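Trainee: My questions will all concern the structure given below.
The values are calculated or read from the model by the stated rules, or taken from the named source; none is laboratory data. All of these numbers come straight from a predicted model, not from anything done at the bench. A quick note on method: Cβ atoms are made from the backbone with ideal geometry, for glycine too, and the neighbour counts reach across all protein chains shown. Areas reflect the complete protein model, heavy atoms only, side chains present, ligands, DNA and RNA absent. Shrake-Rupley method; radii C 1.70, N 1.55, O 1.52, S 1.80 Å.
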Amino acid sequence: MTTQTTKETREAATVPPPGAAPANKVPQGHRRLLTRRDRLALGLMAGLPTILHIALVWVTALASVALAFTTWDGIGFDSIKWVGLENFKQLFNDNPQFWPAVQHNVVWFVVLIVIPTPLGLFLAVQLDKRIRFSRVYQTAFFLPVVLSMAVIGFVWQLVYNPDTGLINSLIGANEPGKYIDWIGDPDLNLWAILVAASWRHTGYMMILYLAGLKGVDPSLREASALDGANEWQTFKNVIFPTLRPTNTVVLVVTIIEALRAFDLVFVFNKGAQGTELLSILVTNNIIGESSRIGYGSAIAVVLLLISLVVIIPYLIATFRKERRA
């Protein structure tokens with residue numbers, strides 16, 4: 001009798017009173033809705049950059065592709081005439097500056113991949129050893145990357161000045177009859193500009209490789225040291241293979257830097273006298289005195305296709321890696 005009474009008392013205690021919420025149901029908090037001002041602010045923050053990006057990047061790129069098959073002097077839309085592949089035929093067959101410009105872009109890439117890239121890797125390896133004042137060295141080597149290419153061009157113009165330049169002063173070529181015109185000589189100006197470009201690119205490569213070295217597992221170095229490998233053997237057989245993703249990024253970045261090279265050359269001599277580049281030809285035809293917008297757009301399309309040949313495989317490999325992860 002006592003047991004039955006106790007059981008009924010417990011059941012009565014668990015039954016909620018009329019009108020009360022169930023005990024096991026957690027009351028929900030108030031759902032905060034966005035106000036009209038919040039929606040307006042979010043729309044401006046997300047919509048305005050999107051509109052600007054579409055208008056300034058995608059619309060202009062598609063318009064450039066369409067104009068590549070036309071002739072247009074830039075005065076009124078009524079003067080646009082469809083010519084098909086005529087601009088590309090003239091570009092490949094009749095333009096004496098096109099193939100030298102392609103050659104110079106290739107030389108630009110080869111020089112950047114052969115000289116500043118290994119030098120940047122060397123600096124990154126040395127700075128990764130946690131030497132004294134490493135932060136100061138990193139700042140000093142990375143400073144040219146922070147500067148704009150136009151500023152770098154002005155600085156190196158002072159260095160290459162025939163009269164008061166640093167190089168001619170050091171080698172004694174700043175006297176009458178001994179001048180070396182580093183910028184005006186067609187046999188020297190491209191290489192002189194590449195020295196300035198390499199000076200900047202070295203710091204860029206140093207930072208990329210230094211970031212890659214920071215991600216290397218320290219246990220790999222310890223295991224290599226226990227196996228009796230010296231520093232060079234550890235780097236060649238253990239460290240460098242782990243930098244494969246960084247090497248891919250370095251290769252893509254270097255190719256893009258070689259293709260979009262423009263401002264440094266334009267500051268030096270506007271792409272004349274042996275320093276022609278594809279980007280210079282695009283600018284001279286679109287905003288130059290001739291205003292051959294259709295022809296300049298055809299050169300831009302060629303430059304775009306060359307870039308896509310490099311960028312698309314890189315993006316495919318990146319997406320596949322993310323899916324596997």
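Trainee: I want to verify a result. In a Gaussian network model of the chain, Cα cutoff 10 Å, which of these has the top mean-square fluctuation: T71, T242, T234?
Mentor: T234
Trainee: Toward the positive end of the charge dipole of the chain, about the Cα centre and with charges on Cβ (Lys, Arg +1; Asp, Glu -1), which of V216, S279, Q97 goes farthest?
Mentor: Result: V216, furthest along the dipole toward the positive end.
Trainee: Let me ask something additional. Return the calculated 222 nm mean residue ellipticity for the chain, to the nearest 500 deg cm²/dmol, obtained by summing -39500 (n - 2.57) across DSSP H runs with n ≥ 4 and dividing by the residue count.
Mentor: Details: 16 runs with 209 residues, N = 325.
Roughly -20500 deg cm²/dmol at 222 nm, from the helical runs in the chain.
Trainee: Could I have the simple spin-label model distance between H53 and S307, label points 7 Å from Cα toward Cβ, reported in nm to one decimal?
Mentor: 1.6
Trainee: Once both axes come from the Cα atoms, what is the angle between helix 134-146 and the longest principal axis of the chain, in degrees from 0 to 90, rounded to 10?
Mentor: 70
Trainee: Moving on to the next point. Starting at 0 and stepping by 5 Å, how many percent of the alpha carbon pairs of region 99-269 end up in each bin?
Mentor: Going from the shortest bin to the longest, the percentages are 1, 8, 15, 16, 16, 14, 11, 8, 6, 4, 2, 1, 0.
Trainee: Lys and Arg at +1, Asp and Glu at -1: add these up for the other residues within a Cβ distance under 12 Å of A261 and post the number.
Mentor: Neighbour charge sum, excluding A261 itself: -1.
Trainee: Using a 1.4 angstrom probe on heavy atoms only, work out the carbon and sulfur share of the accessible area of the chain in %. Can you show the working numbers first?
Mentor: Details: 14000 of 21500 Å².
It is 65 percent, rounded to a whole number.
Trainee: Pick from M45, M149, M206: which residue has the top mean-square fluctuation in a GNM of the chain where Cα pairs under 10 Å get a spring?
Mentor: Answer for the Gaussian network model of the chain: M45.
Trainee: Calculate, for the chain, the solvent-accessible area per residue in square angstrom, rolling a 1.4 angstrom probe over the heavy atoms of the protein chains. Mind dumping the intermediate values first?
Mentor: Numbers: 21500 Å² over 325 residues.
Solvent-accessible surface per residue comes out at 66 Å².
Trainee: Highest GNM mean-square fluctuation, the chain, Cα pairs closer than 10 Å: which of R37, R200, R132?
Mentor: Result: R37 has the largest fluctuation of those listed.
Trainee: Let me ask something else about it. Compute the distribution of all C-alpha to C-alpha distances in region 242-325, in bins of 10 Å from 0, and list the percent of pairs in each, rounded to whole numbers.
Mentor: 16, 36, 26, 15, 6, 0
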